[in-house]
Amino acid sequence: MVSCSSPTATASDVGRRVLVPFGQEEKVGVILAVNASSDHPAEQIKPIRMLWRDVPALSETDLRFLRFCSEYYHHPMGSVVVNALPPGLRRVSGWSPPKRQARTTIPDALPFPVLTADQSDAVTAICAHGTGFRPYLLKGITGSGKTEVYLNAIQHGVQQGMQVLVLTPEINLTPQFELRFRQRLPDVPLISLHSNLGEKARAARWLKAQSGEASVILGTRLAVLCPIPRLGLIVVDEEHDASYKQQEGLRYSARDLAIVRAQMLQIPVVLGSATPALESWWNGQSGRYQLLKLSQRAQPGARLPPILLVAAPPKHSAQSISKPVLQALGQRLERAEQSLVFINRRGYAPVLLCSQCGWVCACSRCSARMVVHLRARHLRCHHCGGQRTIPSHCPECGNTRLESTGDGTQKIEALLREQFPSARIMRVDSDTLSRRDAWADTAAAIHEGAVDIIVGTQIMVKGHDFPKITLVAALNVDGALFSNDFRGSERLFSQLVQVAGRAGRADRPGEVMIQTAFPDHPLFSALLQHDYETFAQRELEQRRLAGFPPFVYQAILRASSENPDHVEAFMAEAVQSAKPLAEGIEIYDPVPAPMARLAGKTRLQLLAQCSHRGRLQAFLTIWQTHLFAMARSRVSWILDVDPLEL
């Protein structure tokens, strides 16, 4: 934050945008306070070159929420406030509305379906609550109709004159939600907010939320920072999803901030998931959240699909797909039904190696292997984006027999095209969805039955409803069973439940097949029974014994530099400065990050944890002042509070 001067600014301008010089540049900022005088020397006070009053100011309620965000995540307030604005309002040239307003096609209204008993109980609990803060954890199996519960609660809120915020983890989920909402609530003003919008469109929608014109705000994690003056209900769908945690810059959790915002405003918040985050499940079990359950699929007669474990092909086999899976795919083709083959790795193969000396093609800037992308005929690093052509021979021994090993979506697609030459096969991953409107075309093709087999990554399994899919086959899942991340099992279980949930969602029965070499692993015993609660109970007990969240609170200092000596010296000094301050805090020695080298920079991290959140926060506040004092120009560092990745 900086001190600025203006002859025209008044107290009513708090929360307005200003243009301020910084060296040779000009930057957009927001007025946080107006005072008659300043303690700063005159030469440090910057003149305000422009004070915009073209859009409403951020309210004191908005600023109080953003101030909490700054303090809790230990991120500069100025950066938090400016990043809460849409890009169109951060432009130094000022804001100009779009010349043409996008036309919204209102679909034919659909009546609200008759709710199941579980759905009705959940809606009653949420709508009968009245005023005051209340967090609800809506735990519903896949296909149980959580969206219908949201819609009924939203309708009730809008009828009471409220605005409602609905968060989804992925941009690709917003069109599906938007269509459902407009069909059920055609007369309710609704906007969607996400990073895939153009600057002017995003700013125009943001202003509709801020002015109160939009009654329903549907968005990804960035929408949690949007000003909404009559906010009366927040819904967080797929609340377990890691996409809610920002991993760069301001490292906030949109789910956690949604709960904080609801508490500040004394309003209800609904967290929905088939596989709640274990922290949320623990809060539901301990009574901090009110637990609501949907135990049956909403479609009459629909059942959760049976899950079969099939032996994975031998590790070095040329065949990546087992015979039972291929036979099941063939049967679906004969019955004109759709199948999904899930493999959570894009590209052709994750490793290019020399069959003679064992050389492996690694990224020159990262501690990662280059991934073979056969169609583009190049190698690509999925971490820094670096590319190179596929070499014709081994650079170590000259051998021309280079082998691509492991499986990616491109290889599985190629194998299936060879096995089923007449099948209509579609690959769905971030490579095929690079165009802005690619997902809409992809989803339409699947819904229309123009595809027989879909080969997809996790993009395909996050809450999408494709009723014609009756078979789901999951490949290459074993690696996550033995992850060194304590959340690895939780992520895998959640992912496989979501994968299984894509099968048999309509009147056709579904089936799920999982290839594994470890069928006796305890994770599968719970998964085969669709038994999240047993899995969660076992995982929570293990975390309690090991001292992991939710039984402790964590923060990580992450630092990086192009010079390894610089980052090591910084972290050594950081440890020494932390220890005298760390009463009741566990401070671990610095270790290499999971990706120890990224984009040419060496990365180290240091974990601090405590059983008391307030004590950890107090420590971080003091420690951060020491870190700023010792910061080196060639070392980048950031505090990551409540990290998802260790």
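Across the chain, the mean sequence separation of Cα contacts (distance under 8 Å, 6 or more residues apart), normalised by length, yields a relative contact order of 12 percent. The packing ranking, built from the mean of other Cβ atoms within 10 Å per residue, places the peptides 157-163, 551-557, 575-581 in the order 551-557, 157-163, 575-581, highest first.
Model label sites at Val351 and Ser286, defined 7 Å from Cα along the beta-carbon direction, differ in position by 4.2 nm.
The peptide list 437-443, 34-40, 456-462, 379-385, put in order of mean Cβ contacts within 10 Å with the highest first, becomes 456-462, 379-385, 437-443, 34-40.
Between Glu418 and Gln183, the simple label model (points 7 Å from Cα in the Cβ direction) yields a spacing of 4.1 nm. Extension gain, Phe68 to Phe112: 0.36 nm times the residue separation minus the Cα-Cα distance gives 12.0 nm. A cysteine counts as unpartnered when no other cysteine's C-beta lies under 4.7 Å of its own; in the chain this applies to Cys4, Cys69, Cys127, Cys226, Cys361, Cys384, Cys610. Between the stretch 424-489 and the stretch 148-191, the alpha-carbon centres lie 25 Å apart.
Seen through its C-alpha gyration tensor, with square-root eigenvalues sorted a ≥ b ≥ c, the stretch 590-646 comes out oblate because a/c lies at 1.5 or above while a/b is not bigger than b/c.
A Förster radius of 51 Å, combined with the Cβ-Cβ distance separating Asp531 from Phe22, puts the computed FRET efficiency at roughly 0.35. A straight Cα-to-Cα reach below 18 Å connects Lys27 with the lysines Lys46, residues fewer than 8 places away in its own chain not being considered.
When Rg and Dmax are taken over the Cα atoms of the stretch 117-294, they come to 15.0, 45 Å.
Spin-label model, Phe482 to Ala599: label points 7 Å out along the Cα-to-beta-carbon direction sit 3.3 nm apart.
Between Thr131 and Ala362, 0.36 nm times their residue separation minus their Cα-Cα distance comes to what? Could the numbers behind the result be given before it?
Working: separation 231, 0.36 × 231 = 83.16 nm, distance 5.71 nm.
Computed gain between Thr131 and Ala362 is 77.4 nm.
Cross-link check: pairs Lys245/Lys468; Lys146/Lys323; Lys411/Lys462 evaluated at a Cα-Cα cut-off of 27 Å; pairs beyond the cut-off: Lys245/Lys468; Lys146/Lys323.
First measure r as the distance between the Cβ atoms of Met630 and Arg53, then evaluate 1/(1 + (r/R0)^6) with R0 = 41 Å and state the FRET efficiency to the nearest 0.05.
On the way: r = 42 Å, r/R0 = 1.02.
Once rounded, the FRET efficiency stands at 0.45.
Packing, as the average of other Cβ atoms within 10 Å across residues, places the peptides 245-254, 145-154 in the order 145-154, 245-254, highest first.
Bear in mind that the values in this text are calculations on the coordinates, not laboratory data. Source: prediction; values computed, not measured. Quick reminder, even Gly has a Cβ in these numbers, built from the backbone with ideal geometry, and neighbours come from all protein chains shown.
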